[in-house]
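Student: Sending over a structure as structure tokens; questions will come in a sec.
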Amino acid sequence: MFVPLSGTDITDLEINCVLDVLNSGRLALGPYLDKFETIVKDYVNSTYSVAVNSGTSALHLILRSLGFKSGDKMIVTPFTFISSANVSLFENGKPVFIDIDHKTYNMSTANLKHFVEVEYQGDVSYFMGVDIFGIPLEWDNIYEILPNEIKIIEDSCEALGGEYKNQKLGTFGDAGAFAFYPNKQITTGEGGIIVTDHEEIYDLCKSMSNQGRGKNGEWLISERLGYNYRMDEMSAALGYAQMKRINEISKKRKQKADNYFELFKNDGRVVLPYIPQEVTQESWFVFVLRLNLEWLSQFLNIPKWVQDFDIPIRIEGEKNQKEWHNLIKQLRAILNNLLKKLNNKGVQSKNYFYPLHLQPFYKKLFGYDEGDFPITELVSSLTVAIPFFSNITFEQQTYVHKIISDSLEEIKDEASI
């Protein structure tokens, strides 16, 4: 059996909407774009929305609309998809990384508080809050910690439908963004959307997404620097149809997640996703397992302070750094061995995510090294995204569980030889 990592949930409704566009002959800037923008903003309860060609484009436009410029700094997590940080580099700015919480995998509010109290000197003006894997940040604490002058962007590209204390994700910052790649909760093929309650942000994003054209729509007149970030009409039609089914899709994804919780509930070799009590509606993007350090310590020498995640903000000192590098190398070797076994047996799986600060060009630009953000490095060396999508069958999930269980047993046996 082969079980893919992700899959789309397309019905006749989506097909007919796309065909409607093709039959109309109007493939850009048509009625489905307005319909899609309206259905999304109504769903998340925002005043304005701007559909664009990717989540990356959405984040970039938000930054520009807020006045981000060369030399500006932006707080962001190092455990996310690379676009979350890259958009600051697009404008010749700099990401300022804050390490994560080992349970939620979101930015640690304790570490953020330490940064604001100890390191912040008024030189950071932006905060990119990522709701990783659809799990919300601790938004109440974020508001209390951040100085008032810092502008907040919510990267909810993985979190459509999620709620924190009954408020939809994407609406906690000056503006928020969702993305619709085929592995997301809903898809437009490629695409993203900006949501905001601020008219000025909306006007600027709308204009910049369309080559800087003004409100009057004059095609060859640009009022500001802009981009060709528009969403095409076929993508908008697909997204509109998907949004008509968003409650159905969300319910299906929750059921698939519940199935995995039941299948793995007694397996002490893995740690299941953590859902904070403040989450009033879950938004399942991926299902990520983490290898249990206590289990790994049966055949690896893992210090107790690492097993307990009692880890300093940075690993300092040549001896400590060397030991840390060696440990992460061993853990990643086991993870890669597991991924190889799973993929060879038909269970498509991937590591989510690789630390941003250790990406080759980030290391070259900023001089980062292992030990700079140790929780991110440790979690990254232990996490695996397993097959998860709306229409995965229980038979497929049972097979995934069996193959993972068998493969973990093989890894332990190999280590004991």
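Student: Tell me the residue from Leu13, Leu19, Leu5 that is part of a helix (DSSP H, G or I), out of contact with any Asp or Glu (no Cβ under 6 Å at 6 or more places or on another chain), farther than 19 Å from Gly161 by Cβ and open to solvent by 20 Å² or more (accessible area, probe 1.4 Å), please. Spell out the reasoning first.
Tutor: On the way: Leu13 fails: farther than 19 Å from Gly161 by Cβ; Leu5 fails: part of a helix (DSSP H, G or I).
The match here is Leu19.
Student: Limited to the stretch 46-100, what total is found for residues that are over 20 Å from the mean Cα position of the chain (by Cα) and either among the charged types (D, E, K, R) or open to solvent by 30 Å² or more (accessible area, probe 1.4 Å) (or both)?
Tutor: Total satisfying the criteria: 11.
Student: State all residues of the stretch 277-298 that are open to solvent by 50 Å² or more (accessible area, probe 1.4 Å) and part of a loop (DSSP other than H, G, I, E, B); if no residue qualifies, say none. Break it down into steps so the answer makes sense when it comes.
Tutor: Just the residues of the stretch 277-298 that are open to solvent by 50 Å² or more (accessible area, probe 1.4 Å), to begin with: 277-278, 280-282, 294, 298.
Result: Gln277, Glu278, Glu282, Gln298.
Student: Quick check on my filter: what residues within the stretch 364-408 are part of a helix (DSSP H, G or I), open to solvent by less than 20 Å² (accessible area, probe 1.4 Å) and either within 21 Å of Leu112 (Cβ to Cβ) or of a type in the set (Asp, Glu) (or both)?
Tutor: First, pick out the residues of the stretch 364-408 that are part of a helix (DSSP H, G or I): 364-366, 374-380, 394-408.
Applying the additional criterion that residues be open to solvent by less than 20 Å² (accessible area, probe 1.4 Å) yields 374-380, 397, 400, 403-404, 407-408.
Answer for the stretch 364-408, where residues must be part of a helix (DSSP H, G or I), open to solvent by less than 20 Å² (accessible area, probe 1.4 Å) and either within 21 Å of Leu112 (Cβ to Cβ) or of a type in the set (Asp, Glu) (or both): Pro374, Ile375, Thr376, Glu377, Leu378, Val379, Ser380.
Student: Under 8 Å between Cβ atoms, at least 6 apart or on separate chains: pull out the pairs that start in the stretch 208-228 with a residue that is assigned by the TED database to the domain that holds Ser57 and end on any residue that is charged (D, E, K, R) and buried (at least 16 other Cβ atoms within 10 Å of the Cβ).
Tutor: Qualifying pairs under 8 Å: Met208/Arg64; Ser209/Arg230; Asn210/Arg230; Trp219/Arg213; Ile221/Arg213; Ser222/Arg213; Glu223/Arg213; Gly226/Arg213.
Student: Being out of contact with any helix residue (DSSP H, G or I) (no Cβ under 7 Å at 6 or more places or on another chain) and either in a loop (DSSP other than H, G, I, E, B) or not aromatic (Phe, Trp, Tyr) (or both) is the filter here; which residues of the stretch 299-308 pass it? Write out each step before concluding.
Tutor: To start, the set of residues in the stretch 299-308 that are out of contact with any helix residue (DSSP H, G or I) (no Cβ under 7 Å at 6 or more places or on another chain) comprises 301, 303-305, 308.
Answer for the stretch 299-308, where residues must be out of contact with any helix residue (DSSP H, G or I) (no Cβ under 7 Å at 6 or more places or on another chain) and either in a loop (DSSP other than H, G, I, E, B) or not aromatic (Phe, Trp, Tyr) (or both): Asn301, Pro303, Lys304, Asp308.
Student: Against the condition closer than 30 Å to Thr109 by Cα and either in contact with a Pro (Cβ under 8 Å, 6 or more places away or on another chain) or of a type in the set (Val, Ile, Thr) (or both), how does Val400 come out, does it pass?
Tutor: Details: closer than 30 Å to Thr109 by Cα: no; either in contact with a Pro (Cβ under 8 Å, 6 or more places away or on another chain) or of a type in the set (Val, Ile, Thr) (or both): yes.
So Val400 does not fit the description; no.
Student: Can I ask one more? Kindly check whether there is at least one residue in the stretch 361-371 that is touching a helix residue (DSSP H, G or I) at 6+ places or on another chain (Cβ under 7 Å), within 17 Å of Ser407 (Cα to Cα) and either in contact (Cβ under 8 Å) with a residue 60 or more places away in the chain or hydroxyl-bearing (Ser, Thr, Tyr) (or both).
Tutor: The answer is no; no qualifying residue exists.
Quick grid of which residues meet (1) open to solvent by less than 40 Å² (accessible area, probe 1.4 Å); (2) not assigned by the TED database to the domain that holds Met231; (3) not in a helix (DSSP H, G or I):
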site	(1), (2), (3)
Asn23	no, no, no
Arg26	no, no, yes
Phe36	yes, no, no
Asp42	no, no, no
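Student: If we scan the stretch 127-135, do we find a residue that is in contact with a Leu (Cβ under 7 Å, 6 or more places away or on another chain), open to solvent by 10 Å² or more (accessible area, probe 1.4 Å) and in the same structural domain as Thr77 (by the TED database)?
Tutor: Quick first cut of the stretch 127-135, residues in contact with a Leu (Cβ under 7 Å, 6 or more places away or on another chain) only: 127, 129, 131.
Keeping just the survivors that are open to solvent by 10 Å² or more (accessible area, probe 1.4 Å) gives none.
No: zero hits.
Student: Out of the residues in the stretch 352-363 that are open to solvent by 10 Å² or more (accessible area, probe 1.4 Å) and not in a helix (DSSP H, G or I), state the one that is farthest from Ile334 (Cα to Cα).
Tutor: Filtering the stretch 352-363 for residues open to solvent by 10 Å² or more (accessible area, probe 1.4 Å) gives 352-354, 358-361, 363.
Those still in the list that are not in a helix (DSSP H, G or I) too: 352-354, 359.
Numbers: Tyr352: 15, Phe353: 16, Tyr354: 15, Gln359: 20 Å.
Of everything passing the filter in the stretch 352-363, Gln359 is farthest from Ile334 (Cα to Cα).
Student: Report, by residue number, each residue of the stretch 190-208 that is under 22 Å from the mean Cα position of the chain (by Cα) and closer than 17 Å to Asn228 by Cα.
Tutor: Narrowing the stretch 190-208 to residues under 22 Å from the mean Cα position of the chain (by Cα): 190-196, 205.
Those that are under 22 Å from the mean Cα position of the chain (by Cα) and closer than 17 Å to Asn228 by Cα: Glu190, Gly191, Gly192, Ile193, Ile194, Cys205.
Student: Answer yes or no as to whether Tyr352 is among the hydroxyl-bearing types (Ser, Thr, Tyr) and farther than 20 Å from Val3 by Cβ.
Tutor: On the way: among the hydroxyl-bearing types (Ser, Thr, Tyr): yes; farther than 20 Å from Val3 by Cβ: no.
No: the conditions fail for Tyr352.
Student: Taking Glu318 and the conditions (1) under 22 Å from the mean Cα position of the chain (by Cα); (2) open to solvent by 70 Å² or more (accessible area, probe 1.4 Å), which numbered condition does it fall short on, given that it satisfies the others?
Tutor: With respect to (1) under 22 Å from the mean Cα position of the chain (by Cα); (2) open to solvent by 70 Å² or more (accessible area, probe 1.4 Å), Glu318 is out only on (1).
Student: So, in the stretch 107-121, of the ones that are open to solvent by less than 50 Å² (accessible area, probe 1.4 Å) and either in contact with an Asp or Glu (Cβ under 7 Å, 6 or more places away or on another chain) or of a type in the set (Gly, Ala, Ser) (or both), which residue ends up farthest from Asp369 (Cα to Cα)? Break it down into steps so the answer makes sense when it comes.
Tutor: From the stretch 107-121, those open to solvent by less than 50 Å² (accessible area, probe 1.4 Å) are 107-109, 111-112, 115-116, 120; that's our starting set.
Pick out the ones that are also either in contact with an Asp or Glu (Cβ under 7 Å, 6 or more places away or on another chain) or of a type in the set (Gly, Ala, Ser) (or both) and you get 108-109, 111.
Numbers: Ser108: 20, Thr109: 23, Asn111: 19 Å.
Among those that are open to solvent by less than 50 Å² (accessible area, probe 1.4 Å) and either in contact with an Asp or Glu (Cβ under 7 Å, 6 or more places away or on another chain) or of a type in the set (Gly, Ala, Ser) (or both), it is Thr109.
Student: Scan the stretch 263-276 and give yes if some residue there is part of a loop (DSSP other than H, G, I, E, B), modelled with pLDDT of 95 or more, open to solvent by less than 50 Å² (accessible area, probe 1.4 Å) and acidic (Asp, Glu), otherwise no.
Tutor: Checking the stretch 263-276: at least one residue is part of a loop (DSSP other than H, G, I, E, B), modelled with pLDDT of 95 or more, open to solvent by less than 50 Å² (accessible area, probe 1.4 Å) and acidic (Asp, Glu).
Student: Looking only at the stretch 141-167, which residues are out of contact with any strand residue (DSSP E or B) (no Cβ under 8 Å at 6 or more places or on another chain) and of a type in the set (D, E, K, R)?
Tutor: Selection gives Glu144, Glu149.
The values are calculated or read from the model by the stated rules, or taken from the named source; none is laboratory data. The model shown is predicted, which means the values in this text are computed figures rather than measured ones. For neighbour counting, all protein chains shown are included, and Cβ atoms are generated from backbone atoms with ideal geometry for every residue, glycine included. The area values use the complete protein model at the heavy-atom level, side chains included, leaving out ligands, DNA and RNA. Shrake-Rupley method; radii C 1.70, N 1.55, O 1.52, S 1.80 Å.
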